1. Could you count how many residues in the range 65-79 are open to solvent by 10 Å² or more (accessible area, probe 1.4 Å) and either β-branched (Val, Ile, Thr) or farther than 24 Å from Ala201 by Cα (or both)?
2. Within the range 57-94, count every residue that is within 17 Å of Leu126 (Cβ to Cβ) and away from the ligand (no atom under 12 Å from the Cβ).
3. Quick check on the range 97-108: of everything there that is more than 17 Å from Val17 (Cα to Cα) and within 12 Å of the ligand (Cβ to nearest atom), which residue is surrounded by the most Cβ atoms within 10 Å (Cβ to Cβ)?
4. State whether one or more residues within the range 160-172 are in contact (Cβ under 8 Å) with a residue 60 or more places away in the chain, within 13 Å of the ligand (Cβ to nearest atom) and not charged (D, E, K, R).
5. Looking only at the range 109-129, filter to residues that are of a type in the set (Val, Ile, Thr) and within 15 Å of the ligand (Cβ to nearest atom); which one of those is most open to solvent (accessible area, probe 1.4 Å)?
6. Cβ-Cβ distance below 8 Å, separation of 6 or more or different chains: which pairs start in the range 54-72 with a residue that is assigned to a loop (DSSP other than H, G, I, E, B) and end on one that is modelled with pLDDT of 95 or more and among the aromatic types (Phe, Trp, Tyr)?
7. Residues of the range 138-150 being under 23 Å from Leu195 (Cβ atoms), touching a residue at least 24 places away in the same chain (Cβ under 8 Å) and of a type outside the set (Asp, Glu), which ones?
8. For residues that are assigned to a loop (DSSP other than H, G, I, E, B) and open to solvent by less than 40 Å² (accessible area, probe 1.4 Å), scanning just the range 1-39, find the one that is farthest from the ligand (Cβ to nearest atom).
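The values are calculated or read from the model by the stated rules, or taken from the named source; none is laboratory data. The structure displayed is predicted, hence computed values, not measured ones. Cβ atoms come from the backbone with ideal geometry, glycine included; neighbour counts cover every protein chain shown. Protein only, heavy atoms only, side chains kept; ligands, DNA and RNA dropped before computing areas. Shrake-Rupley method; radii C 1.70, N 1.55, O 1.52, S 1.80 Å.
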Amino acid sequence: MKQLNVVICGFDHYDGVSVNPSYEVPKALADQGLGDIGALGDVNVAIHTVGLPVSFANAWPLLLESIEAVHADIIIATGLKHAARGVMLERCATNLMDAAKPDIDNMTPTREPIDPDGPAAYWTRLPLRSIMRDFARDGIPATLSSDAGTFVCNSLFYNLLNWTSGQERVLSGFVSFPQVSETGVVGVGRRGLPLERQIDAGRDVVRETIGYYLKPSSSDILID
Ligand code: PCA
């Protein structure tokens, strides 16, 4: 039986938010499993999770350690985007750090490349089109996003895709979650989503990415 190793990571507490969905969703998926994910044939899926510090210097090395420890085939990085009204599927990672506030190590890099020798940007390796189809079916509010900001989330995303570009057969990408809110309203003009809906979204992302890994199809990728 073939073993598929999936690593899903998120961040610890961040910016005064007591529940970071990017910490809770991976944990819930590892605990609850994926449910019925259709005909997988002779494939066993193992989900590994890792919580990362909001640190430019340490988030990526820690994720890489987990990736290498389990020989990951699929890596889905996640983070919280305060202003998001729904789940945001990130299309591309840019080679830029431009922090407006310090990370947990008190670092505030401004207008610096992540990798001075790297390309300006990378496209995601996740099948965004089929994930969006699942979200529509499940009534999960979602949009495509063209950048994950210029803070630690984008830096992790870029490092992940930089590494993925040198791998034979690995899929990876980044999903931004909105704030957790059982009522859907976070404050004036601010919206969130109940945690259960965000977990459903995470399950759709993992399920579609596994499907695409097993049966690549050019119509699943969406960057346009
Ligand atoms: N969001 C931050 C870092 C941690 C998180 O959950 C970001 O948008 O970069």
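1. 5
2. 13
3. Top of the filtered list is Met97.
4. The answer is no; no qualifying residue exists.
5. Step by step, filter the range 109-129, then rank; the result is Thr110.
6. Note: pairs meeting the criteria are Val54/Phe11.
7. Ile140, Pro141, Ala142, Thr143, Leu144, Ser145, Ala148, Gly149
8. Ile37
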